Amino acid sequence: VPGTSSAYAERIIGGYYLNIEPDRAALARYGLSIGDVQAVVASALGGETVTTTVEGRERYAVNIRYPRELRDDPQAIATEV
């Protein structure tokens with residue numbers, strides 16, 4: 001970027017990853033695709049903006065996602081998603 005005197009990449013330490021392997025045969029029985037599963041997982045765990053609320057001159061995004069107790073525990077995620 002022009003004018004930048006220094007830059008560095010900040011490494012995020014301690015991230016958690018969860019592999020979700022959808023049952024393709026079960027999805028096919030219900031007419032669902034892998035994309036459908038990915039959309040639900042992304043919005044349930046990461047959140048999704050559904051609207052914006054206006055309070056005076058301020059605007060706030062309204063996000064929905066699973067409660068913390070359901071998204072912090074991998075076993076809870078496995079039973080809910």
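The values are calculated or read from the model by the stated rules, or taken from the named source; none is laboratory data. Note that the coordinates shown come from a computational prediction; the quantities given were computed from them, not determined experimentally. Note that each Cβ is placed from the backbone with ideal geometry, even for glycine, and that neighbours are counted across all protein chains shown. Ligands, DNA and RNA are stripped out before the accessible areas are found, and what is left, the full protein with its side chains, is counted by its heavy atoms. Shrake-Rupley method; radii C 1.70, N 1.55, O 1.52, S 1.80 Å.
So in the range 64-77, with the set limited to residues that are open to solvent by 70 Å² or more (accessible area, probe 1.4 Å) and not charged (D, E, K, R), which one is nearest to the chain's Cα centre (by Cα)?
Here the answer is Ile64.
Is it true that Ala61 is modelled with pLDDT of 85 or more, among the hydrophobic types (A, V, I, L, M, F, W, C) and either exposed (fewer than 10 other Cβ atoms within 10 Å of the Cβ) or within 12 Å of the chain's Cα centre (by Cα) (or both)?
Spelling it out, it is not the case that Ala61 is modelled with pLDDT of 85 or more, among the hydrophobic types (A, V, I, L, M, F, W, C) and either exposed (fewer than 10 other Cβ atoms within 10 Å of the Cβ) or within 12 Å of the chain's Cα centre (by Cα) (or both).
Which ones in the range 25-81 are out of contact with any helix residue (DSSP H, G or I) (no Cβ under 8 Å at 6 or more places or on another chain), without any contact (Cβ under 8 Å) to a residue 24 or more places away in the chain and of a type in the set (A, V, I, L, M, F, W, C)?
Hits for the range 25-81 are Ala25, Ala26, Ala28, Leu32, Ala39, Ala42, Val50, Val54, Ala61, Val62, Ala78.
If I ask for residues that are within 20 Å of Arg24 (Cα to Cα) and open to solvent by 90 Å² or more (accessible area, probe 1.4 Å), which ones from the range 34-58 would you list?
Gln38
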